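I have a structure I would like to understand better, so I am pasting it below and will then ask my questions one at a time.
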Amino acid sequence: MGEKRKKNRGEAADRFERENENGEYENEQRKKQKKQIENKGEILPSMIKNKEKRSEVHAKLKHQKKLDKRKKIKARDAAEKRALELGEEPPPKSVPRTIENTREFDETVCKPDDEELFAGNDADEFSGILKREHIPKVLITTCRFNSTRGPAFISELLSVIPNAHYYKRGTYDLKKIVEYANKKDFTSIIVVHTNRREPDALLIIGLPDGPTAHFKLSKLLLRKDIKNHGNPTSHKPELVLNNFTTRLGHRIGRLIQTLFPQDPNFRGRRVVTFHNQRDFIFFRHHRYIFESKESKQNDAESKKAKDAKAEKASQEKVLARLQECGPRFTLKLISLQNGTFDTKGGEYEWVHKPEMDTSRRRFFL
Amino acid sequence: MPRTTTLECPGCPPLRAVTFDALGLIKVIEAHGKQGAVPKVVERWGEPDSSKCVVAASIIDRKIDPLLAVARKTGMIEVLSPINGDRRFMVSNVDDAGLRPEEDAVVGLHLFATQKSDLTSRSCALLSCTTKGNTSMRSIQVPDSPEGSASIGSSRTWSVCASGNISCSKVDGSENYALFGGKGVEVNVWDLENCAKIWTAKSPPKNSLGIFTPTWFTAATFLSKDDHRKIVAGTNSHQVRLYDISAQRRPVISFDFRETPIKAVAEDLNGYTVYIGNGSGDLASVDMRTGKLLGCFLGKCSGSIRSIARHPDFPVIASCGLDSYVRFWDVKTRQLLSAVFLKQHLTNVVFDSNFDDEGVKPSVADPSLDAEQIASETEIRDKEETLPVKRKKALKKDEASKKKKATNENEASKEVSIENDGLNKKASKENKSSKMLKSKKRSKRSKHEALNNAS
């Protein structure tokens, strides 16, 4: 027994030693690995083949990153606070990088000092309306089959666009309608295309020889589906066009501009917005009001009144409050055609082609 | 860093191109440096005015005293110097018939490079064609002073079509024949010497459904420089057709290209390749011997192509159109060499081939220059044109490049270079293989060929 025990002990000791050795060995191996890692540059968790090990390493890495980030934010906040206390300039706020502000360089972006651009503007198809030589008059029609949401959308469009007239499509060719509208002195035609009882495309045709823009329409929300919506008045709305920067965007902006009268009734406090972001054009229709309130309690309520904050008076506070009314939808340009609607013999100024979509940071409007 | 993909544009060889746009501006684009130069706008002539929209342009591309003719929307034809943009003289093309110039715009314009023997020296001949088909050929005495009035030596006016609208016209390499075509007007060829119509095309038969597509030609050109018998035309119903005057009145080959009308057709120097551009910005090269598409020029071009020009020396073509870019392409690799944004809708582009990279501009011919010198120069040019030394070289080069690609066609192309009539034969072979020809016509055609060979 004693011998055995000794043996056992000895074995245990042996094992211990061995384990120690093993540990050392492992340690050495790890060191080696680390050295290798340093030599190679970095080892990604995805390069580890053992799943358990991989997930462990990955979790560790992620945790470390999180800690680092927290530390960084803390340090930044502390620096800012200290600067405020000392009365110094706080460090400049860093701007997050988005795909819009890292947009690919585009030489077609309009510059304000480009005289050729203005000469081109004076010569284009829209200048007559924009110089108030003609009053915009819009014909709205549909595709041949049209039901449920289509008519509802059109009735709301009619309330948004002043001097718009709905004509039943019937079985007329669009070219015939263009001819008819030309004769009746319309300045543009809007065709709402419906597929499966859901409006899905919008065609805006400038008359008499203006371009034809074909948009994809999505995310349509009608008035009754918007919470706390308002009802628009019959005043002529103001128009806001945001971010139409390139030459093409400029042209689209001007095309949209010709749909609306150029002399808004500011009393109506109605505003129609076309906001372009990443080539999507967002349509919104609001009523606004400026309210002067003394108490601070409203601050929390009026979230959208950030713009008004700048105009803070000493005691009185002017708040701009918005109420959405009218449809909400998103447009995306598919093609812009030179001349009126002609799919067979038309010349395109711009067509979306799949080969353009090789970068997420390239925008055309 | 954000990953941005940039189109790697290798740049183009030293060249000089002139573009014309809808605001009546003329812009000169030059690329300096050996290879990989980035072309830039170096000069802009004219003031922006939409009524002066350029509708047609033509250039005499010679060493001494080059000329550039520009037809505007107002019906005026200006002749400029392509070197510095000085206006040499101006001619009005407005009819006395009372038509507004906007309704009867100039669609075709050609400046004759070769001087006719009966004309006096220091004059130039000008062919213009309007939408309604009023064609006039004038020989104009170039005034001595830049602002002097041009005296019209002789002018002949005739009408090309009774009805319909002309939308394309072109003069062949020898400058003895001109073709016209348009909406409701079949392609017709005129002998310019005696103003006689020598050939008219016949519209293709009804299709299997009995539907007849109305005639509407949107672009046309002669297939090769020294052969006026082969014509390539593009139609509004996106068809490209090859007509052979010596064979038949219906197209020899016709095929579809994409889905928008063919807006520009330009021929290559080798005599069988054509470049076609359409209304949605697709540009492709086609071998007209077989009617097969060689390949498309890809480069995010999205606006209708209005004009294509082939550089006479470098393997480069330029295309421009409604997307307001001028793009330079390599002919062989079909790669985009570079693109220049010019802000306006472009209507035309031409190459000025006598551009030296060293910045030494070709001398502006002062008015007192010997006219004989020009005449002799043009003669030399004529000789060069008649002797196809250069072309053969180019062909051989082509062969060399083709050897790697296709061994099958090799023999055929050799034949082309060896025999002048080889091209004819080749085309006929393809015709036989294609089902378009009926046997009756085939026999007719072979007779024609026999005649040709005999002559």
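Per residue of B:242-254, how many C-beta atoms from partner chains lie within 10 Å of its own C-beta, taken as a mean?
On the way: counts 0, 0, 0, 0, 0, 0, 0, 0, 0, 0, 0, 0, 0.
Neighbouring Cβ atoms belonging to other protein chains average 0 per residue here.
Considering Cα pairs under 8 angstrom that are at least six residues apart, work out the relative contact order of the stretch A:115-356 and quote it in whole percent.
Working: 475 pairs, mean separation 50.3, N = 242.
The value is 21 percent.
Further, regarding this structure: Take every residue in peptide B:174-186, count the Cβ atoms of other chains within 10 Å of its Cβ, and give the average of those counts.
Averaged over the peptide's residues, the number is 0.
Only loop residues by DSSP count here, and only those with at most 11 other Cβ atoms within 10 Å; note down the trypsin sites (Lys or Arg not before Pro) in the stretch A:38-143 that meet that.
Working: sites: A:Lys40, A:Lys49, A:Lys51, A:Lys53, A:Arg54, A:Lys60, A:Lys62, A:Lys65, A:Lys66, A:Lys69, A:Arg70, A:Lys71, A:Lys72, A:Lys74, A:Arg76, A:Lys81, A:Arg82, A:Lys93, A:Arg97, A:Arg103, A:Lys131, A:Arg132, A:Lys137; in loops: A:Lys49, A:Lys93, A:Arg97, A:Arg103, A:Lys131, A:Arg132, A:Lys137.
When the trypsin sites (Lys or Arg not before Pro) of the stretch A:38-143 are filtered for loop state and at most 11 Cβ neighbours within 10 Å, A:Lys49, A:Lys93, A:Arg97, A:Lys131, A:Arg132 remain.
Next up: Please average, across the residues of A:337-349, the number of beta carbons from any other chain that are within 10 Å of each residue's own beta carbon, and give a whole number. Mind showing how you got there, number by number?
Details: counts 5, 6, 0, 0, 0, 2, 2, 7, 10, 5, 15, 11, 10.
That average works out to 6.
To continue, here is another question. Can you give me the Cα centroid spacing of the stretch A:98-135 and the stretch B:48-99 in angstrom?
Comparing the Cα centres of the stretch A:98-135 and the stretch B:48-99, I get a distance of 29 Å.
What does the charge count near B:Phe351 come to, summing +1 for each Lys or Arg and -1 for each Asp or Glu among other residues with Cβ under 12 Å from its Cβ?
Values: positive: B:Arg16, B:Arg310; negative: B:Glu30, B:Asp61, B:Asp313, B:Asp352.
Computed value for this residue: -2.
In the stretch B:152-211, what GluC sites (Glu not before Pro) fall in a loop by DSSP, with at most 13 other Cβ atoms inside 10 Å? Show your work: numbers first, answer last.
Values: sites: B:Glu175, B:Glu186, B:Glu193; in loops: B:Glu175, B:Glu193.
Sites meeting the loop and neighbour criteria: B:Glu193.
Within a Cβ distance under 14 Å of B:Gly182, other residues only, what is the Lys/Arg minus Asp/Glu net charge? Please list the in-between numbers first.
Values: positive: B:Lys132, B:Lys170, B:Lys183, B:Lys263; negative: B:Asp104, B:Glu186.
That sum, taken over residues with Cβ under 14 Å, equals +2.
What is the interface area between chains A and B, defined as buried accessible area summed over both chains with a 1.4 Å probe, reported in Å² to the nearest 100? List each step's numbers first, then the result.
Numbers: alone 25730 and 21840 Å², together 44950 Å².
Counting protein atoms only, the buried area is about 2600 Å².
May I pose another question? Compute the separation of the alpha-carbon centres of the stretch A:52-67 and the stretch B:298-362 and state it in Å as a whole number.
55
Given contacts defined as C-alpha pairs under 8 Å and at least six residues apart, what's the relative contact order of the stretch B:141-252, whole-number percent?
Values: 220 pairs, mean separation 21.4, N = 112.
Rounded, it is 19 percent for the stretch B:141-252.
Turning to a different aspect of this structure: Which trypsin sites (Lys or Arg not before Pro) does the stretch B:206-256 hold that lie in a coil by DSSP with at most 12 other beta carbons within 10 Å? Could you put the intermediate results ahead of the total?
Numbers: sites: B:Lys206, B:Lys225, B:Arg229, B:Lys230, B:Arg241, B:Arg249; in loops: B:Lys206, B:Lys225, B:Arg249.
Loop-located and lightly packed - B:Lys206.
Also, quick follow-up: Separation of the stretch A:227-245 and the stretch A:143-216 by C-alpha centroid, Å?
Value for the Cα centre distance between the two parts: 20 Å.
The values are calculated or read from the model by the stated rules, or taken from the named source; none is laboratory data. Owing to the predicted nature of the structure, the values given are computational and were not obtained by experimental measurement. All Cβ positions, glycine included, derive from the backbone under ideal geometry; neighbour counts span all protein chains shown. Keep in mind that these areas ignore ligands, DNA and RNA; they rest on the heavy atoms of the full protein, side chains included. Shrake-Rupley method; radii C 1.70, N 1.55, O 1.52, S 1.80 Å.
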